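Structure first, then comments.
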Amino acid sequence: MDALSAATTLKALDGLSLRAEAAARNIANAQTPNYRAVRVSFEAALTAAAAKGSGAVDAVQPRVVPALDGLAGEVRLDQEMATATSTALRYGALIDILSRRLQLHSLVSGGR
């Protein structure tokens, strides 16, 4: 795996991990008065950075931002559950890709 692909994948995992935390926080606080849902934003910044190289990718930081959907940032459990599920699936897919790349690298390099 080249340096840019590795950096991009690892940064995407960081963003997805933070998104899972945000979704869990939103779900846990769904009935909390005055709680405002949050979202995690990183995909656009990661895409732009990938065009500039692995150094730019390393500088990308996922951001927690107020949710603009819903009424006044209220938590919609159906949306949060969908976000949590989607995030878990994407995270799992990236882990699977990394695992397969490492297995392939191990086979090609003779286990070194």
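So for the chain, taking the charge dipole from beta-carbon charges (+1 Lys/Arg, -1 Asp/Glu), which of 22, 98, 77 sits furthest toward the positive end?
The one lying farthest along the dipole's positive direction is 98.
Got a sec to turn the phi values of the range 93-99 into Karplus ³J(HN,Hα) couplings, 6.51 cos²θ - 1.76 cosθ + 1.60 with θ = phi - 60°, whole Hz, x for Gly and Pro?
5, 5, 5, 5, 4, 4, 4
Enter the angle in degrees (range 0 to 90, nearest 10) between the Cα long axis of helix 3-28 and the first principal axis of the Cα atoms of the chain, meaning the one along which they spread out most.
20
Compute the distance in nm between two label points, each set 7 Å from the Cα along the Cα-to-Cβ direction, one at residue 17 and one at residue 65.
2.3
Given Cβ point charges of +1 (Lys, Arg) and -1 (Asp, Glu) and nothing else, what value in debye, to the nearest 20, does the dipole of the chain about its Cα centre take? List each step's numbers first, then the result.
Values: 12 positive and 10 negative charges, 47 e Å.
In debye, rounded to 20, the chain gives about 220.
Could you tell me the convex hull volume per residue, in Å³, taken over the Cα atoms of the chain? Spell out each step's value before the answer.
Values: hull volume 11.1 nm³, N = 112.
For the chain, the hull spanned by Cα atoms encloses 99 Å³ per residue.
Rule-based calculations on the coordinates, nothing more; no lab input. Please read all numbers here as calculations on a predicted model, not as lab measurements. No Cβ is skipped: glycine too gets one built from the backbone with ideal geometry, and neighbour counts run over all protein chains shown.
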